[in-house]
1. Whether any residue in region 96-117 is within 16 Å of ligand 2 (Cβ to nearest atom), under 18 Å from T248 (Cα atoms), at pLDDT 65 or above and open to solvent by less than 70 Å² (accessible area, probe 1.4 Å) is what I want to check.
2. Can we say F169 is closer than 25 Å to I222 by Cβ and surrounded by 16 or more Cβ atoms within 10 Å (Cβ to Cβ)?
3. Is there a residue in region 244-267 that is in a strand (DSSP E or B) and either modelled with pLDDT of 90 or more or not hydrophobic (A, V, I, L, M, F, W, C) (or both)?
4. Considering only region 230-237, I want to know if a residue exists there that is more than 14 Å from Y291 (Cβ to Cβ), open to solvent by 60 Å² or more (accessible area, probe 1.4 Å) and among the hydrophobic types (A, V, I, L, M, F, W, C).
5. Has region 148-157 got any residue that is part of a helix (DSSP H, G or I), within 21 Å of N320 (Cα to Cα) and modelled with pLDDT of 90 or more?
6. Just for region 176-209: of the residues that are aromatic (F, W, Y) and at pLDDT below 95, which one is least open to solvent (accessible area, probe 1.4 Å)?
7. So how many residues does region 20-39 have that are touching a residue at least 24 places away in the same chain (Cβ under 8 Å) and open to solvent by 40 Å² or more (accessible area, probe 1.4 Å)?
8. What do you reckon, is K335 on the phi > 0 side of the Ramachandran plot and either touching a Pro at 6+ places or on another chain (Cβ under 8 Å) or at pLDDT below 95 (or both)?
Amino acid sequence: MADDNGFTKTTTMPGTERKCPNCGGTLTYNANAQKLYCSLCGKYKEISYGTHEDVEVKGIAYNEIFNANSATPGIKCKILSCANCGAELIYDSAQVSGRCPFCGSTNIALTAAATSIMRPNGIIPFSIDEDKARGCFREHIKRKLFIPYKISRCTLDNLFPVYLPFFGFDANTKSSYVIEIGYYDSDGNIHYKTCNGTYEKHFQEFPLSASSKVYNSQVDKIRQFDPLSARPFNPDYMAGYYAERNSTSLKHGFEKVQYYITGKLNKLIPKDALRKFRGDRYRNLDFKTKYSDVTYKYILAPVYLASFTYKGKKYDVAINGSTGDVACDPPSARKFFIALLIILGIIAVGAFIAYLIYNAGI
Ligand SMILES: [Zn+2]
Ligand SMILES: [Zn+2]
């Protein structure tokens, strides 16, 4: 049966060994070592790529996935859904905490049957562990100017690691356009001429969030992931972690990308036409774009969702689990500093006047 993403066939992901070869304990992914780790006996286990010898994440041809004859890579897994915020979570280990990483609710339930979901083809593993993430937050807050002093002493109330879904699209575009190009004559009057042309452009790694839900107001600010840090998907990197299931379908994702690309072409085409036709101005651009060689990557990227409380109010924090970038919007103490500067200014002016009077008196 086809799901939201148009998938018709699924293959079950081969089971991964989660038992510690040393003591039989459960292995989880360790961000510091980027290996599997047994907390019982301290043994590390390398993460293998299986059949993927190379570490480059390859794009998948977009058109092929909607062709019923081609087997679509999918995975079967059970999904956790949060009754409180509606988040749908994928996980690959029984060792994850029983709390929703988005809202903290414990009211999460497992779907009864294994559901087929789209298989990610890449993952950016966590390389910053929770202690380091807390350290990144402290450093970040220390460097912020004009924030109340007490905030610099704040610690995070909670810290949930979660992999968020992203699509990356590559596409060739060929646009045929009609545009009116204007030329100034010697008297400074403008004359327009209708011109036709084609414009070709390759768009690479156009990143797009594959989640239509916003759980944390800061996440958008730390979405600068290095695509080179992505590895071919291996569920070992998820051992002990949740990943959000994509709530945007690939088809909808590509429609969004086309919308953004059209916006970019709206600026690029006139620029190119003005150069090509040596014009001074332009108006009435009309163009149609054909897409070819479209490939996509479906990548899980690591984020820590967190918050802190100040004067009874909760503030969202997001930390990039790969780069350590922190985003938060603490209340500003700017008003206090401005008031302080005004008071100091008044004192300085008063002192100067007193000095002048004192000197004049002599
Ligand atoms: Zn062990
Ligand atoms: Zn929730």
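1. Among the residues of region 96-117, at least one is within 16 Å of ligand 2 (Cβ to nearest atom), under 18 Å from T248 (Cα atoms), at pLDDT 65 or above and open to solvent by less than 70 Å² (accessible area, probe 1.4 Å), which makes the answer yes.
2. yes
3. yes
4. No: zero hits.
5. No, region 148-157 contains no residue that is part of a helix (DSSP H, G or I), within 21 Å of N320 (Cα to Cα) and modelled with pLDDT of 90 or more.
6. F203
7. So the count comes out to 4.
8. So K335 does not fit the description; no.
The values are calculated or read from the model by the stated rules, or taken from the named source; none is laboratory data. As the structure is a computational prediction, the values presented were derived from the model and not from experiment. Here the Cβ is made from the backbone with ideal geometry for all residues, glycine too, and neighbour counts use every protein chain on show. Accessible surface is based on the protein model in full, side chains and every heavy atom, while ligands, DNA and RNA are left aside. Shrake-Rupley method; radii C 1.70, N 1.55, O 1.52, S 1.80 Å.
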